[in-house]
Structures are given as structure tokens and as C-alpha cells.
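Accompanying notes for the structure given below.
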Amino acid sequence: MREELKTRLIRHLEFLEDELSDLHLFEHLSWEEYTANRSRRREVERWVENLVNSSIDIAKLILSLEGREIPQTYR
């Protein structure tokens, strides 16, 4: 594994671990609060977006390490 890719992969995994540590902030979020509190909704949606984007970046790195082409749906 090239050192640069390894470093990027570790950085993404650390980011995911850090983000997932915030799960407790949203565990008791009710649907009523989610729909009524615009600020809280944005906060949780941004958190989920960060998790998804980082997961996609990790998948791209793994595909590139394996020498596979990145599917159009990842772009």
C-alpha cells in the first residue's frame, strides 16, 4: 500500500471514529423534535452527511488500492 493512500485511509477512519462518538447526541432525538426543530434537523443531517461522504471516500481509496475502476455512481 502506498504510504500516501495509507495515510489518507487512516485519516478517514479516524474521522469516522470521531464522528461516530457523537452518536449519543442523537440517540434520543424524536421524530417530533426532528421535524419541529430546524436547527437540530440540520445538525443531524450534516452529521449523517459527514458519515456517508467519509464512507464513500474510504470505498474509493480501497478501490484504487485494488486497481479497480471507480464506478460512475461514486463520482
Residue pairs qualifying under the 8 Å Cβ cut-off, at least six apart or on distinct chains, with the first in segment 1-22 being without any contact (Cβ under 8 Å) to a residue 60 or more places away in the chain and the second being among the small types (Gly, Ala, Ser), are 12/54; 15/54; 16/54; 16/55; 19/54
For residue 68, which of the numbered conditions (1) assigned to a helix (DSSP H, G or I); (2) surrounded by fewer than 14 Cβ atoms within 10 Å (Cβ to Cβ); (3) charged (D, E, K, R) fails to hold? (1)
Quick check on my filter: what residues within segment 14-35 are assigned to a helix (DSSP H, G or I), open to solvent by less than 90 Å² (accessible area, probe 1.4 Å) and hydrophobic (A, V, I, L, M, F, W, C)? 15, 16, 23, 25
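The values are calculated or read from the model by the stated rules, or taken from the named source; none is laboratory data. Worth saying up front: this structure is predicted, and the values here are computed from it rather than measured. As a convention, Cβ positions derive from the backbone with ideal geometry for all residues, glycine included, and neighbour counts pool all protein chains shown. Surface areas here come from the heavy atoms of the whole protein model, side chains and all, with no ligands, DNA or RNA. Shrake-Rupley method; radii C 1.70, N 1.55, O 1.52, S 1.80 Å.
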